[in-house]
Amino acid sequence: MDDAITELRGHHLGPIYDIVINAGADEAKITDEIRKFIDRAGAEGYPAGTVEQTESMLNQLFFNEKSRVRVIYGQDSICHSGCIQNIESQLFDERVPEKVRDRLAFSYARCCKMPFARIDMITLDLFGLKPETLYTREVILKAVNVLHARFGYEKWNDLIWRKLFGTERAKTLSPVE
């Protein structure tokens, strides 16, 4: 495979963390975890373009030894693959329950539209990474393993929720799904 650079927002590193702690270094398990994540994202209503872009990014990172990641400020290719447009359309769709629209509005205002979103900064701090820096695949995976050693098998959403709000995540109110 070619040497490829993937640009990601900080919080888009979360799925990488969950995949590694569930699969370790076993390629078959990694493939299975990527498939589970992609199936779940599709079932949760993420646009097809977003699901495809995320799957491509995960496969690139895990199965291309030459892949590199630059964590960027602001929106990345996952955001622009239909995710933001999907959120914008749901914000004003009366068929979407008000509780869901409120959660989406929170996410949209506090994350999607902010180049220096708090969730991204906390993620970078947890991973020990610096923004706008190019990292090899090995550095990213090592950062995941260091986090795993610190926090055990805690799921990414629960970990980031606690760091964002200092409390356990309430699934019905979580802006981080």
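The values are calculated or read from the model by the stated rules, or taken from the named source; none is laboratory data. None of these values were measured; they are calculated from a predicted model. All Cβ positions, glycine included, derive from the backbone under ideal geometry; neighbour counts span all protein chains shown.
Data overview
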| item | result |
| --- | --- |
| Identity of the residue in segment 25-47, of a type in the set (A, V, I, L, M, F, W, C) and part of a helix (DSSP H, G or I), that ends up nearest to residue 85 (Cα to Cα) | 41 |
| Residue in segment 20-30 that is touching a Gly at 6+ places or on another chain (Cβ under 6 Å) and of a type in the set (Gly, Ala, Ser) present | no |
| Near pairs, Cβ below 9 angstrom, 6+ apart or cross-chain, from segment 58-83 (within 20 Å of residue 45 (Cα to Cα)) to any residue that is basic (Lys, Arg) and crowded, with 21+ Cβ neighbours inside 10 Å | 75/9; 76/9; 78/9; 79/9 |
| Within segment 1-38, tally of residues that are surrounded by fewer than 19 Cβ atoms within 10 Å (Cβ to Cβ) and farther than 27 Å from residue 132 by Cβ | 13 |
| Within segment 133-159, tally of residues that are of a type in the set (Lys, Arg), in a helix (DSSP H, G or I) and under 25 Å from residue 41 (Cα atoms) | 1 |
| Failed item, numbered, when residue 89 is tested on (1) more than 26 Å from residue 34 (Cβ to Cβ); (2) under 17 Å from the mean Cα position of the chain (by Cα); (3) of a type in the set (Ser, Thr, Tyr) | (2) |
| Of residues in segment 121-149 being loosely packed, with under 14 Cβ neighbours inside 10 Å and touching a Lys or Arg at 6+ places or on another chain (Cβ under 6 Å), the one farthest from residue 72 (Cα to Cα) | 136 |
| Given (1) under 14 Å from the mean Cα position of the chain (by Cα); (2) modelled with pLDDT under 90, index of the condition residue 82 fails | (1) |
